[in-house]
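Structure first, then comments.
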Amino acid sequence: MTTSPTPPDVDVVLPCLNEADALPWVLSRIPAGWRALVVDNGSTDGSPVIARALGATVVHEPQRGFGAACHAGLTAATAEIVCFCDCDASLDPGLLVPFVRELRDHEADLVLGRRRPQGRGAWPPHARAGNLALALMLRRRTGLRLHDLGPLRAARRQALLALGLTDRRSGYPLQMVVRAADAGWRIAEHDVPYLPRTGVSKVTGTWRGTWQTVRDMSRVLSEAPAPPRTPTASERGGTPR
């Protein structure tokens with residue numbers, strides 16, 4: 001994990017709210033040369049201190065919300081490619097290596113991980129049902145045949161910033177996909193193992209949390225499609241197509 005002034009090859013945004021127990025494992029899985037951006041969203045368990053001691057760059061985002069934390073990490077990033085990963089040890093950030101390779105080879109503009117549960121309790125039934133419903137709504141809205149709206153993903157920083165993402169709650173991951181689809185991005189999806197998380201989920205660990213997430217994302221789907229826009233060469237990584 002990069003701790004020197006040398007610009008990182010890739011920035012990995014890790015939204016964090018009380019993930020002290022999971023941080024050591026997650027940060028140990030960051031690929032060499034990449035930088036971990038732990039975005040603290042108001043932790044009370046010492047997560048920022050642990051993250052900093054383990055070599056991560058800590059960004060503080062006082063506005064509560066998954067989208068607020070993710071976007072704070074995106075705006076703090078400096079690498080050409082930015083990845084996103086949950087900070088609860090349910091996903092291995094090392095799985096992002098082929099995602100980044102696909103971007104650099106100009107085979108895709110946004111690469112997503114399709115979660116495949118490993119073991120009992122990795123993905124509660126109510127959370128899985130909510131995700132499936134949203135995937136179907138996304139298909140009707142954009143035509144994309146995706147199966148998951150999971151948090152493991154990678155794209156180019158400048159292109160992501162150009163999407164003008166505004167959601168600061170649970171709708172942020174979906175808004176990214178919807179606006180990318182409206183902009184004509186090539187979106188790829190690959191299976192990734194999904195492990196039982198460390199600690200209790202703040203978003204989809206309960207029926208109430210899942211319902212709120214579905215409401216947030218349904219609001220995103222109701223947005224009017226953005227007008228077609230051709231990405232610039234720099235947003236595509238410098239290679240016109």
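The values are calculated or read from the model by the stated rules, or taken from the named source; none is laboratory data. On a predicted model such as this, the values are computed, not experimentally measured, just so you know. Cβ placement follows ideal geometry from the backbone for every residue including glycine, while neighbour counts extend to all protein chains displayed.
Only one of (1) modelled with pLDDT of 95 or more; (2) over 30 Å from residue 43 (Cα atoms); (3) among the charged types (D, E, K, R) is not met by residue 223, so which one is it? With respect to (1) modelled with pLDDT of 95 or more; (2) over 30 Å from residue 43 (Cα atoms); (3) among the charged types (D, E, K, R), residue 223 is out only on (1).
One residue stands out in the range 168-210 among those that are over 14 Å from the mean Cα position of the chain (by Cα) and of a type in the set (Lys, Arg): the one that is modelled with the highest pLDDT, namely 186. Six or more apart or on different chains, Cβ atoms under 7 Å: show the pairs whose first residue is in the range 41-68 and aromatic (Phe, Trp, Tyr) and whose second is surrounded by 14 or more Cβ atoms within 10 Å (Cβ to Cβ) and outside any helix (DSSP H, G or I). Once the first residue is aromatic (Phe, Trp, Tyr) and sits in the range 41-68, its partners that are surrounded by 14 or more Cβ atoms within 10 Å (Cβ to Cβ) and outside any helix (DSSP H, G or I) give 66/15; 66/169; 66/170; 66/203. Restricted to the range 42-129, the set of helices (runs of 4 or more DSSP H) holding at least 1 residues that are among the charged types (D, E, K, R) and either within 14 Å of the chain's Cα centre (by Cα) or at pLDDT 95 or above (or both) comprises 47-53, 97-104.
Take the residues in the range 105-137 that are of a type in the set (A, V, I, L, M), closer than 17 Å to residue 187 by Cα and in contact with a strand residue (DSSP E or B) (Cβ under 6 Å, 6 or more places away or on another chain); name whichever of them is surrounded by the fewest Cβ atoms within 10 Å (Cβ to Cβ). It comes out as 108.
State which residue is farthest from residue 168 (Cα to Cα) when the search covers only the range 49-81 and only residues that are hydroxyl-bearing (Ser, Thr, Tyr) and surrounded by fewer than 17 Cβ atoms within 10 Å (Cβ to Cβ). Going through the qualifying residues, I end up with 78. Filter the range 136-167 down to the residues that are of a type outside the set (A, V, I, L, M), part of a loop (DSSP other than H, G, I, E, B) and over 13 Å from the mean Cα position of the chain (by Cα) and list them by number. Within the range 136-167, 143, 145, 147, 164, 166, 167 qualify.
Among the residues of the range 10-41, the one identified as among the basic types (Lys, Arg) and either part of a loop (DSSP other than H, G, I, E, B) or at positive phi (or both) is 29. Against the conditions (1) surrounded by fewer than 22 Cβ atoms within 10 Å (Cβ to Cβ); (2) in contact with a strand residue (DSSP E or B) (Cβ under 6 Å, 6 or more places away or on another chain); (3) not hydroxyl-bearing (Ser, Thr, Tyr), residue 46 satisfies every one except (2). Figure legend. Inter-residue proximity from the range 146-162: first residues in contact (Cβ under 8 Å) with a residue 24 or more places away in the chain, second residues assigned to a strand (DSSP E or B) and of a type in the set (Lys, Arg), beta-carbon distance below 8 Å, spacing 6+ or different chains. Indicated pairs: 146/114; 147/114; 148/114; 148/115; 150/114; 150/115; 152/115.
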